[in-house]
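Comments concern the structure below.
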Amino acid sequence: SQQQFISTLDADGPNQGLTAYELVKAFAGRRPIESPDLYPDNHPGVEHIYEDTDDVVGHHFVFLLHRDIDKDRDKYIKFADRQRNEIKAYAGSKRRLKGYQGETLTYRWKFKLEPDMSLSKNFSHFFQLKSVDDGIGTPILTLSGISYKDSRWLGLSHAKTRKATVLQKVDWDKVSGEWLEVECTVTYADVGALALSIKRLADDKSIMHFESTHIDMWRGTQSDHFVRPKWG
């Protein structure tokens, strides 16, 4: 039988206990946060991840981006066309947060998208499974908001290598302004498996469901290669 490990990141409430950044670091290691205020030439002095509470999900984290101010880490000259505010597992994180060949991991989280947030036709990524491999770069799996011509949607895309294919998409009006719960189970293999579902908490309605038992979810070529999750 396979061993099961559970790692959880929970907000403990505004002005209670640890700060948002301290909670994230306790969950994922010393350097899991890429927020504009952590870089002196970006947007210091303003917390871009903080805690709040409401009567639907209780305590939670808020990710903040200022469209015309915030930049991408300290890489704003090389990547002048994008912004970044995210948390992630990385090489220094606990092993249980990283997916290795042959392993099955389940990721489960709740999130809410502001209806009037700015979206791009290129990418507004909220979740990724990023492969640490030989440097291909394109995430294996991505959940994104897209704005193209007169349409806005939330899309799920998959990339075997560099080219991504949209697996499913749902109109922005059906997902924005509502608390959503995601469950994503992945078997990391060349012939792998993926089951991702999103439901709306207000009425428990399923708004996205994708499932495949024959999908390429692995790019690694060495024993220390792995896949890491990113949210933001």
Of those in the stretch 1-46 that are aromatic (Phe, Trp, Tyr) and closer than 29 Å to residue 104 by Cα, the residue modelled with the lowest pLDDT is 5
| task | Evaluate the following for residue 71: is it in a strand (DSSP E or B) and at pLDDT 95 or above? | result | no
Margin query: Please verify whether residue 119 is assigned to a loop (DSSP other than H, G, I, E, B), closer than 24 Å to residue 184 by Cβ and of a type outside the set (Val, Ile, Thr), treating the condition exactly as stated.
Written below: yes
| So is residue 166 farther than 15 Å from residue 220 by Cβ, touching a Ser or Thr at 6+ places or on another chain (Cβ under 6 Å) and part of a strand (DSSP E or B) or not? | yes
When residue 138 is run through (1) of a type in the set (S, T, N, Q); (2) modelled with pLDDT of 95 or more; (3) open to solvent by less than 80 Å² (accessible area, probe 1.4 Å), the failure sits at (2)
All-but-one check, residue 214 against (1) touching a residue at least 40 places away in the same chain (Cβ under 8 Å); (2) in a strand (DSSP E or B), failing number (1)
Is it true that residue 227 is in a strand (DSSP E or B), more than 14 Å from residue 100 (Cα to Cα), out of contact with any helix residue (DSSP H, G or I) (no Cβ under 7 Å at 6 or more places or on another chain) and of a type in the set (Val, Ile, Thr)? no
Practice item. Determine whether residue 95 is within 30 Å of residue 217 (Cα to Cα), open to solvent by less than 90 Å² (accessible area, probe 1.4 Å), of a type in the set (Lys, Arg) and free of Cβ contacts under 8 Å to residues at least 40 places away in the same chain. Key: no
Reported set for the stretch 75-90 where residues are in contact with a helix residue (DSSP H, G or I) (Cβ under 9 Å, 6 or more places away or on another chain) and open to solvent by 50 Å² or more (accessible area, probe 1.4 Å) is 83
Within the bounds of the stretch 18-27, is there any residue that is open to solvent by 30 Å² or more (accessible area, probe 1.4 Å), over 22 Å from residue 129 (Cβ atoms), not charged (D, E, K, R) and not in a loop (DSSP other than H, G, I, E, B)?
yes
Practice problem: Determine if the stretch 47-64 includes at least one residue that is assigned to a loop (DSSP other than H, G, I, E, B), modelled with pLDDT of 95 or more and farther than 30 Å from residue 6 by Cα. | Solution: no
Within the stretch 44-65, of all residues that are more than 17 Å from residue 181 (Cα to Cα) and among the hydrophobic types (A, V, I, L, M, F, W, C), the one least open to solvent (accessible area, probe 1.4 Å) is 49
Among the residues of the stretch 149-180, the number that are open to solvent by 40 Å² or more (accessible area, probe 1.4 Å), closer than 18 Å to residue 129 by Cβ and of a type outside the set (Lys, Arg) is 6
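The values are calculated or read from the model by the stated rules, or taken from the named source; none is laboratory data. What you see is a predicted model, and the numbers here were worked out from it, not measured in a lab. Virtual Cβ from ideal backbone geometry, glycine too; neighbours counted across all protein chains shown. All accessible areas refer to the heavy atoms of the entire protein, side chains included, with ligands and DNA or RNA removed. Shrake-Rupley method; radii C 1.70, N 1.55, O 1.52, S 1.80 Å.
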